[in-house]
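Where a number appears in this text, it was derived from the coordinates with a stated rule and is not lab data. Keep in mind it's a predicted model, so treat the numbers as computed, not measured. FYI the Cβ positions are ideal-geometry reconstructions off the backbone, even for glycines, and counts take in every protein chain you see.
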Amino acid sequence: MHIVVCMKQVPDSAQIRVHPVTNTIMRQGVPTIINPYDLFAIEEALRLRDTFGGEVTVLTMGPPSAEDSLRKALSFGVDRAVLLTDRFFAGADTLATTYALATALRKIGAEFGPPDIVFTGKQTIDGDTAQVGPGVAKRLGLIQLTYVSRINSVDTDKRLIEVERRAEGGVQQLQSRLPCLITILEGVNEIRVGSLMDALKAARATLIKWSAQDAGVEDITKCGLRGSPTIVKKVFAPQPRAQKAELIELGDNPGDALIDALFQRQPKLEGELEKLARGY
Amino acid sequence: MSDATKAPAASGRAATKKALPEHLKSYKHVWVFVEQERGQAHPVSWELLGAGRVLADKLGVDLAAVVVGAKNEQTQNVVHEAFCYGADLAYLVADDLLKDYRNESYTKALTDLVNAYKPEILLLGATTLGRDLAGSVATTLLTGLTADCTELDVDAEGSLAATRPTFGGSLLCTIFTLNYRPQMATVRPRVMPMPERVEKLVGRVIEHPLGLVEDDIVTKVLAFLPDRESSKSNLAFADVVVAGGLGLGSPENFQLIRQLASVLGAEYGCSRPLVQKGWVSSDRQIGQTGKTIRPKLYIAAGISGAIQHRVGVEGADYILAINTDKNAPIFDFAHLGVISDAVRLLPSLTEAFSKRLSPHQRDRLAS
Ligand SMILES: Cc1cc2nc3c(=O)[nH]c(=O)nc-3n(C[C@H](O)[C@H](O)[C@H](O)COP(=O)(O)OP(=O)(O)OC[C@H]3O[C@@H](n4cnc5c(N)ncnc54)[C@H](O)[C@@H]3O)c2cc1C
């Protein structure tokens, strides 16, 4: 079985700060991590490989420094890492990103065998759109199974797969065919600690690095900023509300003082809260 | 590819000019995809009809509801509801193959409609269904898609201005799809206010065939297991919400939030780091990547008020914030603020509330 995981290196958002005057993101010194949602995809891929045999390839599009995250993935036991990196990819929105990833996936298929399953995380923590997985599936003509919480069975002979998919208000049990693209839900597994062997291999491994041309991109205008139909026209700080919060002091009996202050300003709330507390 | 977008990344200027190719100029009207699962319309669809109404009126065009589902009475009902929530007309693809949501069949239904009737704006809910569908449709149509918008408007040139929080900081960005059609956007539930329902007769309905047979669709639905009522948190629709953030300092202290919520008959929630640390389950997260809430009262304790949190709570009627830092951003949008250690204040607040509210509980037991 050949499984490919698309992953992204993202800034560790917990540590991002915005410059108070210029409103720009201060990236210096912000550590980068594998998009946390992608770890579930990597683990799921490794489990399938452990069961069915085969190989797991990880693919990422990003700056040369994304090598760090690929090595991290190798240390979990992934077999092969591909870095798609080129200045032409910069500034890509989801449509341009899916063009580049789909092109590279075709090339991976040609060089290392066509994937049976392509995994992505549910979404990234920086872009946060959850749209790249579906876009890649569409471009490659793969069946798409999103928000998958469980893979119930894979039949490699009949090329069938059964999964559980989180839907609105319930879970769908789906049967579909390989090859397919799966976006995996968070929390469904826990990324393994790789073996010492894998850690050593990861440190020494040669990564596969492809430029746009290497990957087989035919139309460079479909990449990066140029290939992006969406345009960010304006970046701005949220308008402070005309009025800031009224700050109050509470004294010795803070609980009661706060409730008094609240009901004084919002008399209607008193009745509402009483109704609620009575359990209606 | 239009010339307008060939500007180099660095300047970026020329790329922001509108130069709509001739063949896209006939795209007109605002569409809302009305999401239903098993005959049950998702409320986000009505919220989007409310937002779509404003856009359509500004542009002087029609607002259309798009309904895709099984050929039955429930689907007809959803069409009727769409008119009551403000649609001028409806596009309907009704076929029993559409009983369950499946990406392949729904993508075909919606892209065929777009290609046949050419809307300029297409809005979908940012739900599991809407996100699954929007990505496939936008990629098929090779157009732009702005996900999880918090504000929609049209500019002087009549282009959709879709605003969403941008990554990693206290910033918003406004995104345009100037030279492709339709302009697609998704909006999360509860971000837009619910418009008033006005009883109306069904208006003009344009039916379109699906053009598929079951054998064309690879994926089969073996079963649908509905969520247990009890396991659903009612956070998004609660009248009062109490939430805690990292300022509480420990998972044990989060108990103080649950206790206050319990006394008030409220729902409890949290900021994202608490979910990431595993203190609270993810269905309790409030904000851009969690739930959007619109309660009458929101109490936030030990939450700094980062933009990703703020966009989830701005629809609250009244916000009370408890924070030790008088410069915390939450005080920029809260109504009432207390500069205090939440771990010390919360127990006395809970006690005071339970004293004031409990006499009624005794009344109820007596009667
Ligand atoms: C793409 C993306 C999506 C995100 N989505 C969300 C989201 O959906 N929801 C969300 O909440 N966040 C989200 N975040 C994270 C967000 O940027 C903030 O990091 C997060 O909201 C901060 O959580 P916090 O306020 O609990 O913690 P902090 O920012 O650490 O704030 C803690 C606050 O507690 C105060 N405090 C400390 N001690 C006390 C005390 N004893 N009593 C009272 N106050 C005290 C401090 O003054 C401080 O203001 C997202 C971030 C990104 C990049």
Karplus (6.51, -1.76, 1.60) ³J(HN,Hα), θ = phi - 60°, over region B:256-266, in Hz, Gly and Pro reported as x: 4, 5, 4, 5, 4, 4, 5, 4, 7, x, 9
State to the nearest 20 debye the size of the charge dipole of region B:235-365 about its Cα centre, where the only charges are +1 on K and R beta carbons and -1 on D and E beta carbons. 180 debye
In the P(r) worked out for chain A, what percent of Cα pairs fall beyond 34 Å? 35 percent
Where the Cα atoms of the protein assembly as shown are projected onto their three principal axes, how long is each span, largest first, in whole Å? 73, 66, 52
Nearest-0.05 FRET efficiency for A:Thr51 and B:Ser233 at R0 = 25 Å, using Cβ-Cβ distance, is 0.10
Reachable aspartates and glutamates from B:Lys28, criterion Cα separation under 18 angstrom, eight or more residues apart if same chain: B:Asp57, B:Asp62, B:Asp88, B:Asp112, B:Glu120, B:Asp153, B:Asp155, B:Glu157
For labels at B:Gln74 and B:Asp88 in the simple 7 Å Cα→Cβ model, what's the distance in nm? 3.1 nm
Given a Förster distance of 30 Å, report the FRET efficiency between A:Lys268 and B:Ser281 from their Cβ-Cβ distance, rounded to the nearest 0.05. 0.40
Points 7 angstrom from Cα along the Cβ direction at B:Lys25 and B:Val221: gap in nanometres? 4.3 nm
So the FRET efficiency between A:Lys158 and A:Gln239, C-beta based with R0 = 45 Å and rounded to 0.05, is 0.20
Mind checking the log10 I(q)/I(0) for chain B at q = 0.11 Å⁻¹? Debye, one equal scatterer per Cα, no solvent, two decimals. -0.85
Rounded to the nearest 20 debye, what is the charge dipole size of the protein assembly as shown about its Cα centre when +1 sits on each Lys and Arg Cβ and -1 on each Asp and Glu Cβ? 920 debye
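Where a ≥ b ≥ c are the square roots of the eigenvalues of the C-alpha gyration tensor, would you call region B:15-89 rounded, which needs a/c under 1.5, or, failing that, prolate if a/b is larger than b/c, or oblate?
Values: a/c = 2.53, a/b = 2.08, b/c = 1.22.
Taking the square roots of the gyration eigenvalues as a ≥ b ≥ c, region B:15-89 is prolate.
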Measure out, as a whole number of angstrom, how far apart the alpha-carbon centroids of region B:242-284 and region B:52-94 sit. 39 Å
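Taking only Cα atoms of region B:235-280, what ratio of Rg to Rh do you get with Rh as the Kirkwood inverse-distance radius? Show your work: numbers first, answer last.
Numbers: Rg = 10.2 Å, Rh = 10.6 Å.
Dividing the radius of gyration by the Kirkwood radius yields 0.96.
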So who's got an amide H within less than 5 Å of the one on A:His2, skipping anything under 5 residues away but keeping other chains? H placed 1.01 Å off N, in plane. A:Glu55, A:Asp116, A:Ile117
Mind putting a number on the dipole of chain B about its Cα centre? Charges go on the C-beta only, +1 for Lys and Arg and -1 for Asp and Glu, and I need it in Debye to the nearest 20. 900 debye
Shielding of B:315-327 by partner chains, average beta-carbon count, 10 Å: 2
Can you list the residues, at least 5 places off or on another chain, whose amide H is less than 5 Å from the amide H of B:Ile299, using H built in the peptide plane? B:Val241, B:Val242, B:Ala243, B:Leu320
For B:Trp46, B:Trp279, order by how many other beta-carbon atoms lie within 10 Å, fewest first: B:Trp279, B:Trp46
Any number yet on Rg/Rh for region A:49-143, C-alpha, Kirkwood? 0.94
Less than 20 Å apart at the alpha-carbon level, and either on another chain or at least 8 residues along: which lysines does that give for B:Lys71? B:Lys99, B:Lys108, B:Lys220
Out of B:Gly158, B:Gly302, B:Gly86, any idea which swings most in a Gaussian network model of chain B, alpha carbons joined below 10 Å? B:Gly158
For A:Thr146, what residues show an amide H to amide H distance below 5 Å, using hydrogens built from the backbone and excluding near sequence neighbours? A:Thr183
From the alpha carbon gyration tensor of region B:212-367, can you work out the equivalent ellipsoid semi-axes (sqrt of 5 times each eigenvalue) and give them in Å, largest to smallest? 33, 22, 14
Label-point separation, A:Glu218 to A:Glu249 (7 Å along Cα→Cβ), nm: 7.5 nm
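When each pair of different Cα atoms in region B:53-144 is counted once in the 1/r mean, what is the Kirkwood radius in angstroms, to one decimal?
Numbers: mean 1/r = 0.0719 Å⁻¹.
It is 13.9 Å.
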Taking the dipole of region A:238-280 about the Cα centre (Lys, Arg +1; Asp, Glu -1; charges at Cβ), the one of A:Leu262, A:Gly251, A:Leu276 that reaches farthest to the positive side is A:Leu276
